């Protein structure tokens, strides 16, 4: 039975990846930080099939001990301070987790077992002020946030450990990927949840920032499949994972409100406080390498994704009457 360690297992991607691996006969070890507010909602239905362990990307000794005790074949580093606006208010903490945390984990692998296969969650935010459209593996990075800058460090330190120590270390440059498990602070989930509340008469507006920002949005379960495929290859490499389509926040609103028969312009309020200090205007990925080498393709369209999210929030709110999903 193969064994995988997932950092960030309680997040959107960690929960879907855990399900994916369990279905393939893996033993799954989930690393969580010791906090007073750890939320296991996303993995509740299959938590009894996972071994939950405590560790911290800020503490390399804890990472070494985890690897020594559990001896995973694969490590998926999904843990990070991943909310871009927070990275502007907590830039140093973001760097500690999202940049140096990668180094600590890679060095723990170097010390304990260089045969462990490692996946690093890189991000399309690394492209930032894009230097070419669409963005591919060779596109220069130009991050526009402390989060994006930290991800660039994490990406290149992964390349460095691969080339310096011969580690099987891959980076997945994933473009935006969403689902009903997305935290409420992210704009896509903020919209889908607000649409459901407005439809049910529980709210009358949603306040958003830049409606013209464009992103390449995919479905999270499709993207965790790409993570796994990267670690099943004969040689480690880095891959862009994206749909190749770009849509604006305005389009997301329109599809979401249309799905419940409402006119989005009557309910969406633009609020300058939600604008970023430095905006990323256009992200769209070229996943032709992932398609060619990994035989990966997305299975859910943009319109299907939006409807899935709205329907899930409608169902949750109707079941509870006053449902407040987790944030983060």
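FYI, it's all coordinate maths here, none of it is from the lab. The structure presented is a predicted model; accordingly, all values stated were derived computationally and were not measured. Don't worry about glycine lacking a Cβ; one is built from the backbone with ideal geometry, like all the others, and counts go over all protein chains shown.
In degrees between 0 and 90, to the nearest 10, how far off the longest principal axis of the chain does helix 60-70 point, with axes built from Cα atoms? Long axis of 60-70 versus the principal axis of the chain: about 80 degrees.
Under the rule a/c < 1.5 gives rounded, and otherwise a/b versus b/c splits prolate from oblate, where does the stretch 1-75 land using the Cα gyration tensor? Don't jump to the answer; show the numbers that get you there.
Working: a/c = 2.08, a/b = 1.11, b/c = 1.87.
Oblate shape, in that a/c is at least 1.5 and b/c is the bigger or equal ratio.
Label separation (residue 204 vs residue 133): 3.9 nm, computed from points 7 Å beyond Cα along the C-beta direction.
GNM remark for the chain: springs join alpha carbons under 10 Å apart, and the peak mean-square fluctuation among 25, 11, 55 falls on 25.
Take the Cα of residue 301, step 7 Å toward its Cβ, do the same at residue 65, and the gap between the two points is 5.2 nm.
How big is the Rg/Rh ratio for the stretch 40-173, C-alpha atoms only, Rh by Kirkwood, two decimals? Intermediate values should be presented prior to the final figure.
Working: Rg = 15.6 Å, Rh = 15.7 Å.
We get a ratio of 0.99 for the stretch 40-173.
Entry note, the chain: relative contact order of 18 percent, from Cα contacts under 8 Å with a spacing of 6+ residues.
For the Cα atoms of the chain, what angle does the longest principal axis make with the long axis of helix 187-199, in degrees from 0 to 90, nearest 10? That helix lies at roughly 40 degrees to the long axis.
Computed over the chain with a Gaussian network model linking Cα atoms closer than 10 Å, the most mobile of 177, 193, 247 is 247.
With the cut-off at under 19 Å, measuring from each backbone N in the stretch 176-214 to a point 7 Å along the Cα-to-Cβ line of residue 258 picks out 188-189, 191-196, 199, 211-214.
Show me 231-237, 178-184, 74-80, 205-211 ranked by packing, highest mean number of other Cβ atoms within 10 Å first. The partial results should precede the final answer.
Values: 231-237: 13.6, 178-184: 20.7, 74-80: 24.9, 205-211: 16.9.
Output ranking for 231-237, 178-184, 74-80, 205-211: 74-80, 178-184, 205-211, 231-237.
Put in line by how crowded their Cβ is, counting other Cβ atoms within 10 Å and starting with the fewest, 306, 255, 268 read 255, 268, 306.
Determine how many Å³ per residue the convex hull of the Cα atoms of the chain encloses. Can you show the working numbers first?
Numbers: hull volume 42.0 nm³, N = 328.
Taking only Cα atoms, the chain has a hull volume of 128 Å³ per residue.
Tell me, what is the FRET efficiency for residue 24 and residue 265 to the nearest 0.05, using R0 = 35 angstrom and their Cβ-Cβ distance as r? With R0 = 35 Å, the Cβ-Cβ based efficiency is 0.20. Counted by neighbouring Cβ atoms within 10 Å, the residues 3, 273 run from fewest to most as 273, 3. Across 267, 147, 119, mean-square fluctuation computed from a Gaussian network of the chain (C-alpha pairs under 10 Å connected) peaks at 267. List the relative contact order of the stretch 221-301 as a percent without decimals, with contacts defined as Cα pairs under 8 Å and 6+ residues apart. Over the stretch 221-301, the number comes to 51 percent.
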